[in-house]
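To start, the structure under review is shown below, and the notes come after it.
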Amino acid sequence: MKRWRIILRHSFLGMNRKEKIIWIWLITGAVMVFLMVAIGGITRLTHSGLSMVDWNPIMGFIPPTSDAAWHIAFEKYKQYPEFRELNNHFTIDDFKSIFWWEYIHRLFGRLMGLVFLIPFVFFLAKKWLTPSLKKHLIVIFVLGGFQAFLGWYMVKSGLNLEPRVSHYRLAAHLITAFVTCMYIWWVAMGLKHKETSLIDFPDFRRVLKWIFALSIAQIVFGAFVAGLKAGWVHNTYPLMDGQLVADAVWALDPIYLNFIEGKSGVQFAHRTLAIIVLGVIGYSYFKALRMPLTSRQITSVRWMFITVMFQFLLGVFTLLFQVPLLLGILHQLGALVLLGSVLASVHSLRVTST
C-alpha cells in the first residue's frame, strides 16, 4: 500500500491541486472510452447491435420493464431484416439476450456524456480552465457528439434492406472512438508532462508520426475485417489457406474493390499492414536504444514495442481460432493500447517551438 502511495505521489509531481483533479477526470473519461470500445466489440461479436430498432436519446435509457413492454419491443424487432432473414427462429428470451448488450452499449454512452458534462460545467463555474484547455475540451465534446451520431448512423444502415451494418460506417464509428480517446489522452499528458525535450530528434519524431498514421490505417482495415466478417475466412497463418496470397484476394473487379469490399482482399491488407507496423516499430525501438533519450522517452518507446508484439500475436491467434469473443475483444482493445503508446512516444519527444 505504501508503495502505491509513493507511485501516486510521484505521478502527480509538478501538478497543482486543480490540475490533479482535471487530470483524474480526463483519465476517467479515457478509461470510459476504452470500456465503451470493449462493450461495442462485445455487442458486435454477439450480433446484438441491431436489436434496438428505436433511437430515443432522451427516454431510450429506460429498458422494457414488463412482459407487455418486452413483447412490444420484440414485435418491433420482427419488422426488420435481421429477424426476417437471420433470426426468425428467435423466442423472446433469445431476443432479450441480444437486446441487453446493445442497451448497455447505449446506456454507457449516456453515462459517459454525464461524466464529461457535469464536471466540465463545474470547472467552468470555478474558472479552473485555461483558454487553451477550454478549446481542447470543446473538441472532445464535439468528437463525443459526433461519435454518438455515427453510432446511430451505423445502426441505421442495418435496418434497411440488409441485416448488416455498413463496414464503412462501422470503421468511421470505431475510428472516431479511437481518436476521441487519443485526444483525451494527449490533453491529459499535456497536463502531467509540461516539460519538452531538451534535444530535438526531428527524424525520429517523423518516423513516430508515420507509425501513428500506419496504425490508424491498420485500425481502419481491422474495422473493415470486422464489418465484412472477413476474420472467418483464411484462418491459417502465415499462408492464406496454403497460398502466400490467396486467389480470392483478386476476385473483384476493378482490383481496388478487393481491398475495401472483398473479404479476402481486406484480410490480406490487414495482415500485410500488421507486418509493416511490427517491422517499423521494431526498427524504431532498436534505433532508439542507441539514442540519448530520457527515461520517459525510452520507456514510452519500449512500451510501444512490447505492445505491438502482443497485438501482433493476438491478431494471429484471433485469426487461427476464428475470432472467439475474448480474443476478438482483446485484439480490438490492443489496437487502442498500441495507439496510445505511439502517441505517448510522440508526446515525450515534443520540443519547445521558437
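Restricting the range 149-163 to residues that are within 20 Å of the chain's Cα centre (by Cα) and surrounded by 18 or more Cβ atoms within 10 Å (Cβ to Cβ) leaves a set whose member that is farthest from residue 47 (Cα to Cα) is 150.
Condition check for residue 223 on (1) in contact (Cβ under 8 Å) with a residue 60 or more places away in the chain; (2) assigned to a helix (DSSP H, G or I); (3) touching a Leu at 6+ places or on another chain (Cβ under 6 Å); (4) of a type outside the set (Lys, Arg): one failure, at (1). Screening residue 118 with (1) in a loop (DSSP other than H, G, I, E, B); (2) without any contact (Cβ under 8 Å) to a residue 12 or more places away in the chain; (3) aliphatic (A, V, I, L, M) gives one miss only, at (1). Exactly one residue among 316, 245, 351 is of a type in the set (A, V, I, L, M), under 30 Å from residue 194 (Cβ atoms), surrounded by fewer than 17 Cβ atoms within 10 Å (Cβ to Cβ) and in contact (Cβ under 8 Å) with a residue 12 or more places away in the chain, and that residue is 351.
What do you reckon, is residue 62 among the β-branched types (Val, Ile, Thr), exposed (fewer than 13 other Cβ atoms within 10 Å of the Cβ) and more than 25 Å from residue 123 (Cβ to Cβ)?
On the way: among the β-branched types (Val, Ile, Thr): yes; exposed (fewer than 13 other Cβ atoms within 10 Å of the Cβ): yes; more than 25 Å from residue 123 (Cβ to Cβ): yes.
Against the criterion (among the β-branched types (Val, Ile, Thr), exposed (fewer than 13 other Cβ atoms within 10 Å of the Cβ) and more than 25 Å from residue 123 (Cβ to Cβ)), residue 62 qualifies.
Kindly establish whether residue 99 is in contact with a helix residue (DSSP H, G or I) (Cβ under 8 Å, 6 or more places away or on another chain), not in a loop (DSSP other than H, G, I, E, B) and not charged (D, E, K, R). Break it down stepwise before answering.
Details: in contact with a helix residue (DSSP H, G or I) (Cβ under 8 Å, 6 or more places away or on another chain): yes; not in a loop (DSSP other than H, G, I, E, B): yes; not charged (D, E, K, R): yes.
Judged against the criteria, residue 99 is a match.
Contact map, the range 320-340: first residue on the phi > 0 side of the Ramachandran plot, second residue buried (at least 19 other Cβ atoms within 10 Å of the Cβ), Cβ cut-off under 6 Å, separation 6 or more or different chains; pairs are 323/231. Of all residues assigned to the range 280-290, none qualifies as being without any contact (Cβ under 8 Å) to a residue 40 or more places away in the chain, among the β-branched types (Val, Ile, Thr) and either touching a helix residue (DSSP H, G or I) at 6+ places or on another chain (Cβ under 9 Å) or in a helix (DSSP H, G or I) (or both). Just one of the listed residues (132, 166) is within 20 Å of residue 52 (Cβ to Cβ) and either surrounded by fewer than 17 Cβ atoms within 10 Å (Cβ to Cβ) or in contact (Cβ under 8 Å) with a residue 60 or more places away in the chain (or both), and it is 166.
Would you be able to tell me the number of residues in the range 301-342 that are of a type in the set (Ser, Thr, Tyr) and either touching a His at 6+ places or on another chain (Cβ under 8 Å) or not in a helix (DSSP H, G or I) (or both)?
Our first condition is that a residue be of a type in the set (Ser, Thr, Tyr); within the range 301-342, this holds for 307, 318, 341.
Subsequent filtering for residues that are either touching a His at 6+ places or on another chain (Cβ under 8 Å) or not in a helix (DSSP H, G or I) (or both) retains 318.
Residues meeting the conditions: 1.
What single numbered condition from (1) within 17 Å of the chain's Cα centre (by Cα); (2) modelled with pLDDT under 90 fails to hold for residue 146? All conditions pass for residue 146, except number (2).
The values are calculated or read from the model by the stated rules, or taken from the named source; none is laboratory data. Bear in mind that the values here come from a model prediction, so they are computed numbers and not experimental data. All Cβ positions, glycine included, derive from the backbone under ideal geometry; neighbour counts span all protein chains shown.
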